[in-house]
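Student: Got a structure for you, written out below as structure tokens; questions coming shortly.
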Amino acid sequence: MSTVLPHPIARPPRRSIRELPDELISQIAAGEVVERPASVVRELVDNALDAGATQITLRLLAGGVRLIAVEDDGGGIPMEELPIALKRHATSKIRDLQELESVGTMGFRGEALAAINSIADMAISSRASGQSSAFLLDGRSGELKPVARSTGTTVEVKELFFSTPARRKFLKTDATELAHCVEAVRRHALARPDVGFAIWHEGKLVEQWRACPPTQFTNNIDAISERLRDVLGDDFKDKSVAVDYLSSMRDDGGQAVRVWGRVGIPDAARARPDQQFAYVNGRFVRDKVITHAARSAYEDVLHGQRQPIYALYVEIDPTRVDVNVHPTKIEVRFRDSREVHQAVRRAVDTALAAPRAAAAALATTSSSAPSPAPDIFKPNLPLAQTLPAQAAMHFVAPVAHRVSDMEALWPVQPAVTAVSTAPTPAPTTPAPAAAEIWPLGRAIAQLQGIYILAENAQGLVIVDMHAAHERIVYERLKTQLVDARITSQPLLIPVTFAATPQEVATAEAHTDTLATLGLEITPFSPKTLAVRAVPTSLVQGNATELARSVLAELAQHEASTVIQRAQNELLGTMACHGAVRANRRLTTDEMNGLLRQMETTDRSDQCNHGRPTWRQISIKELDALFMRGR
Ligand SMILES: Nc1ncnc2c1ncn2[C@@H]1O[C@H](COP(=O)(O)OP(=O)(O)O)[C@@H](O)[C@H]1O
Ligand SMILES: [Mg+2]
């Protein structure tokens with residue numbers, strides 16, 4: 001038997017090192033920058049904005065594959081610089097490393113025009129401001145000839161990928177490519193409300209967003225809100241709240257981080273993250289830090305996999321963010337990502353926290369419904385009624401119906417009196433005038449033991465009483481946990497219950513966590529646990545049920561690293577058990593107490609699971625239901 005020798009590995013013949021031809025270098029670079037027509041659109045619109053354009057018009061054929069023409073009214077390119085603009089690494093935007101590190105323009109790499117020119121037929125016509133003539137440069141031949149046009153630049157890109165057929169095969173249908181092109185312009189448009197945009201496809205106007213001149217608006221948020229409405233529709237504007245947040249100064253005296261824009265209310269969340277726009281110093285970015293920070297601000301008010309909608313603008317010292325990490329500049333790197341994470345999270349969290357009923361009521365009282373002229377000489381009127389509505393809100397609400405403690409919602413005996421039958425004593429009945437200025441109105445009835453019906457200035461308010469109360473208890477528990485510890489109250493007689501070995505083990509392993517949460521649960525016998533103390537605010541609840549669900553959650557979140565998160569969830573569980581159950585009859589006073597608490601509790605528009613706690617049905621909507629006034 002002969003030995004079989006291993007087959008020798010074929011060694012390729014050595015080839016000498018050579019510099020690649022310019023054309024090929026550009027084509028390789030183009031592969032990074034230009035993936036599809038939309039990438040060309042992004043680069044050309046970037047350039048138009050850098051040139052100071054106020055109006056940008058796109059004309060497309062076949063989804064941009066046959067033609068992309070971008071016309072602007074910016075500063076233009078002088079004739080002698082036109083051929084240089086097409087060279088690789090040629091730019092007017094930076095000169096040295098220092099300028100790179102604090103770059104304020106969209107472009108700076110000087111490679112887009114060269115890259116596009118290597119994979120398509122390109123022509124640039126331009127007239128520089130202050131010059132009397134315009135010139136057209138043919139990208140292929142390099143020929144320059146005079147043309148007639150006003151100040152500005154038009155770049156025409158024809159037959160994209162004609163020289164790289166393999167690339168062309170990756171393109172989708174014209175409709176899909178067009179959609180990507182529109183999306184690229186939309187991202188720019190949402191950053192620049194002061195610039196007008198128009199998109200034509202196959203001779204038809206597809207989108208048009210008019211410029212909102214800066215003089216027309218007192219601040220950025222108003223201008224952006226208007227543009228958001230134009231680009232994304234009324235729904236985005238109506239279902240979002242304004243954000244304006246400035247982080248505190250850095251220790252080294254450096255510039256603070258500003259985060260502004262609009263964030264959708266939880267109700268507006270979608271199945272897909274297709275309406276999340278994030279900008280850093282005016283540049284659209286896809287950034288994990290910002291996405292994560294924004295999502296985490298919704299953790300408490302949005303359930304499951306729902307995706308919030310938002311347009312967020314982060315403004316940060318340019319030297320603290322590196323934009324040169326990706327050829328398309330869609331990714332950035334922050335010097336201190338925690339700084340940005342914290343700012344975005346706080347910005348969104350603050351904007352979402354304020355109960356929206358109050359804001360809505362203020363808006364109506366100040367605009368549409370003029371308050372009656374104050375008449376301070378009228379006798380026997382409570383002080384509140386003699387004041388203008390807005391001032392009264394601060395007086396009346398706290399004085400007449402302030403429920404300083406949630407215990408007020410827990411009648412000593414289960415209330416069985418039906419609301420409608422018992423005439424409410426006069427002193428505690430809110431005057432109708434007062435009801436008008438309470439954002440959530442005056443309670444009028446309870447429906448099926450589940451909903452509270454109330455009347456306010458706009459019409460009918462329907463409140464899911466369990467969901468609303470759950471949030472109120474939860475928010476209170478959270479503050480207590482931050483402030484110190486949840487105050488705990490020992491039970492006079494410990495409540496014992498039959499427990500599983502796992503429950504006993506969990507109780508023993510987590511004595512400290514339970515104590516932090518105001519609970520004391522100790523083994524009574526090998527198969528019995530005793531609840532010896534519960535949070536003060538939950539003394540009236542079912543101790544066994546509370547202990548069981550807290551232990552069940554603690555068993556899942558045993559790792560001490562997730563304790564903070566577990567605590568929030570545990571608090572949620574506790575809140576659920578502490579909140580008024582369905583089918584409890586509430587008195588009018590109790591119902592009003594709940595409404596007043598909702599008006600002043602953060603995040604009270606959603607329960608802990610992200611469901612809405614109340615809905616407004618306006619008189620207009622009711623009229624429509626009954627076809628009144630037609
Ligand atoms: N629409 C335009 N208006 C005025 N100048 C332009 C325009 N497009 C390109 N340029 C000029 O051509 C140069 C090269 O453009 P580009 O290849 O996109 O690189 P960059 O934008 O990174 O500088 C720019 O620096 C700019 O001076
Ligand atoms: Mg550019």
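Student: Provide the gained length on full extension for the span residue 600 to residue 219, in nm with one decimal, where the gain is 0.36 nm per separating residue minus the Cα-Cα distance.
Tutor: Between residue 600 and residue 219, full extension yields an extra 134.4 nm.
Student: Kindly provide the trypsin sites (Lys or Arg not before Pro) of the range 1-76 that DSSP labels as loop, not H, G, I, E or B, and whose Cβ sees at most 13 other Cβ atoms within 10 Å.
Tutor: 14, 15, 18
Student: Sorted by accessible area with a 1.4 angstrom probe, largest first, how do 234, 72, 512 fall?
Tutor: Details: 234 85, 72 15, 512 120 Å².
If we order 234, 72, 512 from most to least accessible, we get 512, 234, 72.
Student: Treating only the Cβ atoms of Lys and Arg (+1) and Asp and Glu (-1) as charged, compute the dipole magnitude of the range 169-216 about its Cα centre; round to the nearest 20 debye.
Tutor: So the magnitude is around 100 debye.
Student: Okay, next question. Taking the range 1-109 on its own, what percent of its Cα-Cα pair distances exceed 22 Å? Before the final figure, lay out each step's value.
Tutor: Working: 3156 of 5886 pairs.
Percent of Cα pairs beyond 22 Å in the range 1-109: 54.
Student: So if I restrict to the alpha-carbon atoms in the range 93-146, what is the Rg, and what is Dmax, the biggest pairwise distance, in Å?
Tutor: Answer for the range 93-146, Rg first and Dmax second: 14.4, 38 Å.
Student: While we're here: Can you report the principal axis dimensions of the range 130-169 using only the alpha carbons, biggest first, rounded to whole angstrom?
Tutor: Cα extents, longest axis first: 44, 18, 12 Å.
Student: Of 249, 106, 598, which has the most accessible area and how do the rest follow, probe 1.4 Å?
Tutor: From most exposed to least exposed: 249, 106, 598.
Student: If you keep only loop residues by DSSP, which GluC sites (Glu not before Pro) in the range 1-63 have at most 13 other Cβ atoms within 10 Å of their Cβ?
Tutor: On the way: sites: 19, 23, 32, 35, 43; in loops: 19, 35.
Counting only loop positions with at most 13 other Cβ atoms within 10 Å, the GluC sites (Glu not before Pro) in the range 1-63 are 19.
Student: If you don't mind, there's one more thing I want to ask. For the peptides 147-153, 182-188, what is the packing order when you average, over each peptide's residues, the other Cβ atoms within 10 Å and list the highest mean first?
Tutor: Highest mean packing first, the order is 182-188, 147-153.
Student: Here's another thing I want to ask about it. Sort out for me the Cα centre separation of the range 614-630 from the range 187-251, rounded to whole Å.
Tutor: Spelled out, the Cα-based centre of one part sits 32 Å from the other.
Student: Give the accessible surface of the range 68-199 per residue, rounded to a whole number of Å², with probe radius 1.4 Å and ligands, DNA and RNA excluded.
Tutor: 47 Å²
Student: What nm distance separates the two modelled labels at residue 140 and residue 88, each placed 7 Å from Cα along Cα→Cβ?
Tutor: 2.2 nm
Student: Principal axis extents for the range 295-348, Cα atoms only, whole Å, descending order, please.
Tutor: The Cα atoms of the range 295-348 stretch 36, 22, 16 Å along the principal axes, largest first.
Student: Once the whole set of protein chains is in place, how much accessible area is left on residue 303, using a 1.4 Å probe, in Å² to the nearest 10?
Tutor: Spelled out: residue 303, probe radius 1.4 Å, area about 100 Å².
Student: What are the equivalent ellipsoid semi-axes of the range 172-317, built from the alpha-carbon gyration tensor (square roots of five times its eigenvalues), in whole angstrom, biggest first?
Tutor: For the range 172-317, the semi-axes come out at 27, 20, 15 Å.
The values are calculated or read from the model by the stated rules, or taken from the named source; none is laboratory data. None of the values given here were measured: they were computed from a predicted structure. When we count neighbours, we look across all protein chains shown, and the Cβ atoms used for this are built from the backbone with ideal geometry, even at glycine. Remember, those area values only see protein heavy atoms, side chains included, never the ligands or the DNA or RNA. Shrake-Rupley method; radii C 1.70, N 1.55, O 1.52, S 1.80 Å.
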